[in-house]
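Handing you a structure now.
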Amino acid sequence: MKKLNYLILALVGLATIFVGCQPKSKTTNGALSSNAAERVYVAPGQHDEFYAFISGGFSGQLSVYGLPSGRLFKVIPVFSQDPEKAYGYNEETKPMLNTSYGFVPWDDAHHPDISQTAGELDGRYVFINGNNTPRIAKVDLSVFETTEILEIPNSAGNHSSSFVTENTEYVVAGTRFSVPVPQKDMPIKDYKGNFKGALSFISVDPGDGRMDIKFQLLMPGFDYDLSHPGRGASHGWFFFTTYNTEEANSLLEVNASQNDKDFIAAVNWKKIEEYVNGGGGTKMPANYAHNVYNDDTHSATSTMMKEVLVVNPAEVPGAIYFLPTPKSPHGCDVDPSGEYIVGNGKLSADLTVHSFTKMLEAIKNKKFDGEAYGIPILKFEDVLAGTVKSGGLGPLHTEFDGQGNAYTSFFISSEVVKWKLGTWEVIDRQPCYYSVGHLMIPGGNSRKPFGKYAIAMNKITKDRYLPTGPEVTQSAQLYDISGEKMELLLDFPTIGEPHYAAGIPAEKLTANSRKIFELGDNRHPYAATTDADVKVERNGKDVHIYMTMIRSHFNPDNIEGVKVGDRVFFHVTNLEQDYDVPHGVGVIGANTSELLIMPGQTETLVWEPKQVGVWPFYCTDFCSALHQEMQGYIRVSPANSNTDLSWSLGD
Amino acid sequence: MKKSRIIMFLGALLPLLLFVFPLWNITLEAPQYPIPLGMDIYINDFADANPHDIKNINLMNHYVGMKYIPDAIPEFKVFPIGIIITTIIGLVIALKANYKWYLYWFIMMVLVSVAGLYDFYLWEHDYGHNLDPKAIMKFTNPDGSVMGFQPPLFGTKDILNFRAHSYPQIGAYSLGLGMALGLIAYFMGRKKKNQTLKA
């Protein structure tokens with residue numbers, strides 16, 4: 001017993017020595033001393049605190065990550081076909097990718113933004129813009145699927161999009177490239193004064209969320225780069241950064257960088273809304289697709305819209321002003337209070353912050369510094385709230401933490417700079433690996449940011465990960481911003497190029513996330529919701545198979561009477577009503593993807609048999625212990641044969 | 001005398017809660033079911049504990065050749081009538097009869113309940129043992145006999161990858177409490193009678 005006591009004493013002594021040897025200051029850098037691993041570790045079976053919806057850039061999709069772990073949960077197909085989920089391949093979702101240019105199976109997805117109520121994230125939808133063939137998509141966060149895509153006419157390079165106003169009254173889509181409106185055959189060199197920049201205000205129905213272009217503002221032919229809504233006192237205004245106010249049409253890297261200052265366009269949309277509601281504006285012929293997916297029919301429809309309401313700024317005097325802002329500003333960001341409008345002059349070292357109050361004052365006093373195409377230009381000094389002397393280079397975008405701090409990404413100097421609103425002093429700076437584009441703080445574009453984490457979305461990774469040939473992964477970086485100093489916690493790879501992201505506390509979504517589709521609500525015209533509905537019908541050369549699937553068989557699983565030259569429609573309904581029991585279907589030689597069908601859902605695969613024979617189909621998603629048995633055969637007879645149409649299951 | 005009548009009256013009424021609350025519950029737990037599958041048994045219905053649970057239990061059970069849980073069984077007609085009749089008898093006794101009848105009512109209720117439980121056991125046994133000879137998966141006991149999948153009548157039991165729990169619910173407790181009140185009323189009545197006699 002006494003021995004044991006001595007031993008304990010000795011151990012205590014040793015422990016004291018070791019504790020005494022530990023470094024006293026907490027200023028040491030490096031992940032190990034800051035227990036970063038622990039802070040991003042989400043134990044098996046545990047959930048992340050936030051969802052992050054990160055744009056896939058040229059992948060055209062939207063990815064869903066967990067924060068702080070950086071784990072990828074899902075890639076939501078939006079503007080690009082996705083064979084994994086049959087999006088854009090099955091008959092039901094092909095209409096989603098219809099445009100005035102026909103079927104466009106790809107786009108460049110940029111800026112997701114979550115719907116808001118009273119200035120706070122409400123978690124109903126994420127909106128995201130397609131940059132190349134101008135479109136705005138709506139992702140329904142009860143199903144995490146794209147349920148609506150609206151093409152934007154008169155627009156080109158839909159970049160200053162898709163940001164929502166405080167009550168999701170509007171999703172705004174501004175054109176990056178100005179173009180002739182309406183389009184016409186004309187010399188490119190006649191750009192100046194003739195091209196227009198369309199800023200579209202898309203209303204969102206408060207009930208079903210349906211989108212509709214309320215009006216398009218036909219602005220001067222600048223490039224409209226990014227935008228953000230006013231909030232609080234500035235609710236009712238929208239701010240757009242512009243560059244190429246030189247209106248150059250060639251070698252823009254030089255010719256669009258000549259003006260010392262470009263503009264932030266301040267648009268009083270409430271005023272224009274009143275004008276439009278009073279019958280103002282001009283209905284202009286147009287042609288654009290409106291694609292809507294319905295979760296009861298499990299199908300999308302595409303409608304060509306033939307008209308759009310356009311408004312010329314001159315028609316609504318006093319609704320639009322230009323705020324001079326140095327050096328081709330990129331990000332246009334409004335702080336949570338709505339007072340400060342930050343212009344991130346991407347060719348400068350400094351950040352320009354405008355004051356909304358000062359702007360109103362200057363407008364009231366009519367202190368203008370000339371005009372551009374009839375739009376008054378306010379005096380820079382009159383609207384300036386302050387300048388952040390950052391010491392960095394190439395500011396792109398600013399987010400806010402709701403604690404009076406702002407965080408700006410600097411592309412050229414590759415860093416995040418934290419500064420204080422009002423005093424404009426720089427508090428901290430941390431490097432990014434490498435060349436950060438945008439930042440995201442959950443709720444950053446709202447009155448109520450959740451200032452615990454920020455992610456930096458980088459343009460270059462070089463040596464940060466294992467090499468994978470010339471093309472290496474895209475990447476985001478997670479910073480803990482809860483303290484005075486920012487701390488880099490984690491690098492994680494992203495899909496495509498992460499242009500921007502939107503984050504939200506997980507608890508705002510989890511309760512509404514659907515588990516299955518009720519079979520009883522299935523209104524698909526070709527659904528077979530019970531085995532009694534199973535049948536095969538011939539209509540000329542089209543053969544429609546009303547098929548069901550449930551663990552672990554198809555009904556029917558033997559089909560005869562199909563001929564070479566037929567078009568065979570597999571309309572397959574998943575009869576399961578259990579969480580996470582999808583089934584898939586693949587058919588040999590199909591010139592399309594598999595189907596991946598959620599419980600209660602119906603999807604359609606078209607198969608055009610080209611050879612005589614007996615061909616198998618099978619379940620592609622490992623569904624059960626008898627998954628390998630979940631298969632069937634379809635007999636294909638010569639085009640001139642008399643084989644009767646027949647079908648069966650289990651003989 | 002009056003107090004025991006009121007208690008007998010309440011005791012006769014309590015089993016009517018069987019029309020509102022489930023009698024019994026069977027819950028099946030497995031790793032793949034973080035939310036377990038469950039079935040609530042009412043005197044006139046089998047109900048999902050969570051939406052589609054019975055359908056999903058059937059889907060699981062078809063692998064071992066068990067029959068689907070039927071939408072309706074004859075007991076769903078018999079049991080409600082039985083409960084209504086015994087309640088009426090109980091109420092008549094409470095209003096009109098001598099305290100000794102409280103005991104007879106109690107004994108009758110015990111017999112009815114035992115008969116009900118035995119019937120339930122028979123159904124469970126058939127459900128767990130009357131298997132499709134073409135079952136996808138056939139299991140045998142160590143002695144070579146065909147393995148059955150009967151859920152326990154009362155308690156918890158491991159059946160293959162599932163842990164099955166079978167326990168009475170509010171309906172059954174109401175029935176039990178009603179019967180107990182009948183018995184208490186009897187003893188109270190007897191005590192009062194004895195006191196009256198002594199006086």
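The values are calculated or read from the model by the stated rules, or taken from the named source; none is laboratory data. Just so it is clear, the structure is predicted and the values come from calculations on it, not from any experiment. Using ideal geometry, Cβ is built from the backbone for each residue, glycine included, and neighbour counts are taken over all protein chains shown.
Among the residues of the range A:391-412, are any at pLDDT below 95 and among the polar types (S, T, N, Q)?
no
Continuing with the same structure: Just wondering, is there one or more residues in the range A:405-414 that are surrounded by 17 or more Cβ atoms within 10 Å (Cβ to Cβ), in contact with a Cys (Cβ under 6 Å, 6 or more places away or on another chain) and either of a type in the set (Asp, Glu) or not in a strand (DSSP E or B) (or both)?
Yes, some residue in the range A:405-414 is surrounded by 17 or more Cβ atoms within 10 Å (Cβ to Cβ), in contact with a Cys (Cβ under 6 Å, 6 or more places away or on another chain) and either of a type in the set (Asp, Glu) or not in a strand (DSSP E or B) (or both).
Where in the range A:110-180 are there strands (runs of 3 or more DSSP E), lying fully within it, with 2 or more residues that are hydroxyl-bearing (Ser, Thr, Tyr) and under 25 Å from A:Glu92 (Cβ atoms)?
By residue number, A:145-151.
Counting only residues that are among the β-branched types (Val, Ile, Thr) and within 14 Å of another protein chain (Cβ to nearest Cβ), which one in the range A:522-534 is nearest to the chain's Cα centre (by Cα)?
Of everything passing the filter in the range A:522-534, A:Thr529 is nearest to the chain's Cα centre (by Cα).
Working only within the range B:111-166, note down all residues that are more than 14 Å from chain A (Cβ to nearest Cβ), touching a residue at least 60 places away in the same chain (Cβ under 8 Å), closer than 30 Å to B:Val78 by Cα and surrounded by 12 or more Cβ atoms within 10 Å (Cβ to Cβ).
Across the range B:111-166, the qualifying residues are B:Ser113, B:Phe120, B:Tyr127, B:Gly128, B:Leu131, B:Phe149, B:Pro151, B:Ala164, B:His165, B:Ser166.
I'd like to check something: does the range A:240-262 contain any residue that is of a type in the set (D, E, K, R) and within 30 Å of A:Ala118 (Cβ to Cβ)?
Looking through the range A:240-262, none of the residues is of a type in the set (D, E, K, R) and within 30 Å of A:Ala118 (Cβ to Cβ).
Related question: So, in the range A:599-637, how many residues would count as being part of a loop (DSSP other than H, G, I, E, B) and within 14 Å of another protein chain (Cβ to nearest Cβ)?
Adding up the residues that qualify gives 8.
So, one more: What are the residues in the range B:117-152 that are out of contact with any helix residue (DSSP H, G or I) (no Cβ under 7 Å at 6 or more places or on another chain) and small (Gly, Ala, Ser), if any?
Residues satisfying the conditions are B:Gly128, B:Gly144, B:Ser145.
Let me ask something else about it. Specify the residue that is farthest from A:Leu519 (Cα to Cα); the eligible residues are those in the range A:535-558 that are of a type in the set (Ser, Thr, Tyr) and within 14 Å of chain B (Cβ to nearest Cβ).
Looking at residues that are of a type in the set (Ser, Thr, Tyr) and within 14 Å of chain B (Cβ to nearest Cβ), I get A:Ser552.
Out of contact with any helix residue (DSSP H, G or I) (no Cβ under 8 Å at 6 or more places or on another chain) and without any contact (Cβ under 8 Å) to a residue 60 or more places away in the chain: is that true of A:Ser355 in this structure?
Judged against the criteria, A:Ser355 is not a match.
Only residues that are more than 16 Å from the chain's Cα centre (by Cα), among the β-branched types (Val, Ile, Thr) and surrounded by 17 or more Cβ atoms within 10 Å (Cβ to Cβ): list them for the range B:78-110, please.
Matches in the range B:78-110: B:Thr87, B:Ile89, B:Ile93.
So which strands (runs of 3 or more DSSP E) stay within the range A:496-582 end to end and still have 2 or more residues that are in the same structural domain as A:Tyr65 (by TED's automatic domain parsing), touching a strand residue (DSSP E or B) at 6+ places or on another chain (Cβ under 7 Å) and not polar (S, T, N, Q)?
A:501-505
Checking A:Glu246 against (1) outside any helix (DSSP H, G or I); (2) of a type outside the set (A, V, I, L, M); (3) surrounded by 19 or more Cβ atoms within 10 Å (Cβ to Cβ): exactly one of these is not met. Which one?
(3)
Confirm whether A:Ser446 is outside any strand (DSSP E or B) and within 21 Å of the chain's Cα centre (by Cα).
yes
Conditions (1) in a loop (DSSP other than H, G, I, E, B); (2) touching a residue at least 12 places away in the same chain (Cβ under 8 Å); (3) more than 14 Å from chain A (Cβ to nearest Cβ), marked per residue:
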| site | (1), (2), (3) |
| --- | --- |
| B:Leu16 | no, yes, yes |
| B:Ile57 | no, yes, no |
| B:Pro80 | no, yes, yes |
| B:Val92 | no, no, yes |
| B:Tyr104 | no, no, yes |
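Kindly check whether there is at least one residue in the range A:560-572 that is more than 17 Å from A:Ala527 (Cβ to Cβ) and either within 14 Å of chain B (Cβ to nearest Cβ) or free of Cβ contacts under 8 Å to residues at least 24 places away in the same chain (or both).
No, because not a single residue in the range A:560-572 is more than 17 Å from A:Ala527 (Cβ to Cβ) and either within 14 Å of chain B (Cβ to nearest Cβ) or free of Cβ contacts under 8 Å to residues at least 24 places away in the same chain (or both).
Quick check: anything in the range A:122-140 acidic (Asp, Glu) and farther than 19 Å from A:Ser203 by Cα?
Scanning the range A:122-140, I find no residue that is acidic (Asp, Glu) and farther than 19 Å from A:Ser203 by Cα, so the answer is no.
Considering only the range A:521-542, state which residues are closer than 30 Å to A:Tyr51 by Cβ and of a type outside the set (D, E, K, R).
Result: A:Asn522, A:His524.
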